[in-house]
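As structure tokens, the structure follows; a few thoughts come after it.
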Amino acid sequence: MYCGSGLGLNPIYAEKATELGVVLAENGHGVVYGGSKTGLMGKVADAVLTAGGEVIGVMPTHLQKRELAHASLTEIHFVESMHVRKAKMVELADAFVALPGGGGTMDEYFEVFTWAQIGLHEKPVILYNVNGFYDALLQHFSKMLEEGFIRTEQKSLIRVATTPEEVLEIIK
């Protein structure tokens, strides 16, 4: 799960992060995420844990104090860098979901998207488009396709969900 360490300005982001966490846990899915108790990251983790699910955090040691590591996770890995964090999350996860977030969320999303493009994994990579948050990015994906920077046969890698049920369907 990739998402903001902040809540954003619209309360719908926190509501939908919580809703997604509950639905994932109720359907037998755990979450691998950045390990923070703050922001949307904390909302997803708390929701999954409250619903009886498993949550694994992966946090670089330099962020441990700044982001305030979640103390109630099923498991947490402290790693030496963001590069190691991303690799560990890819190793542990069966799918990738990007909720709203900032530069870090986009960095993580685009890395796993690119890895799917070049065949390093075949796991679903999903944009959870809450409140139209990713509409402009989806327009840009269309432009990349139109201009030949994403091949037509790779269009299926651009997965979008607007509800937790759509996320579940893509994961299946």
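The values are calculated or read from the model by the stated rules, or taken from the named source; none is laboratory data. Being a predicted model, the structure only gives us computed values, none of them experimental. Quick reminder, even Gly has a Cβ in these numbers, built from the backbone with ideal geometry, and neighbours come from all protein chains shown. Keep in mind that these areas ignore ligands, DNA and RNA; they rest on the heavy atoms of the full protein, side chains included. Shrake-Rupley method; radii C 1.70, N 1.55, O 1.52, S 1.80 Å.
Looking only at residues in the stretch 159-172 that are without any contact (Cβ under 8 Å) to a residue 60 or more places away in the chain and in a helix (DSSP H, G or I), which one is most open to solvent (accessible area, probe 1.4 Å)?
169
Kindly list, by first and then second residue, each pair from a residue in the stretch 94-110 that is at positive phi and charged (D, E, K, R) to a residue that is in a helix (DSSP H, G or I) and surrounded by 14 or more Cβ atoms within 10 Å (Cβ to Cβ), limited to pairs with Cβ atoms under 8 Å and residues at least 6 apart or on different chains.
From the stretch 94-110, no pairs qualify.
When you go through (1) aliphatic (A, V, I, L, M); (2) within 26 Å of residue 159 (Cβ to Cβ); (3) touching a residue at least 40 places away in the same chain (Cβ under 8 Å) one by one for residue 82, which number turns out not to apply?
Of everything listed in (1) aliphatic (A, V, I, L, M); (2) within 26 Å of residue 159 (Cβ to Cβ); (3) touching a residue at least 40 places away in the same chain (Cβ under 8 Å), residue 82 misses just condition (3).
Does residue 136 satisfy the condition of being open to solvent by 10 Å² or more (accessible area, probe 1.4 Å), out of contact with any Cys (no Cβ under 7 Å at 6 or more places or on another chain), assigned to a loop (DSSP other than H, G, I, E, B) and free of Cβ contacts under 8 Å to residues at least 60 places away in the same chain?
The answer is no for residue 136.
Restricting the stretch 139-158 to residues that are of a type in the set (A, V, I, L, M) and under 19 Å from residue 98 (Cα atoms), which is most open to solvent (accessible area, probe 1.4 Å)?
157
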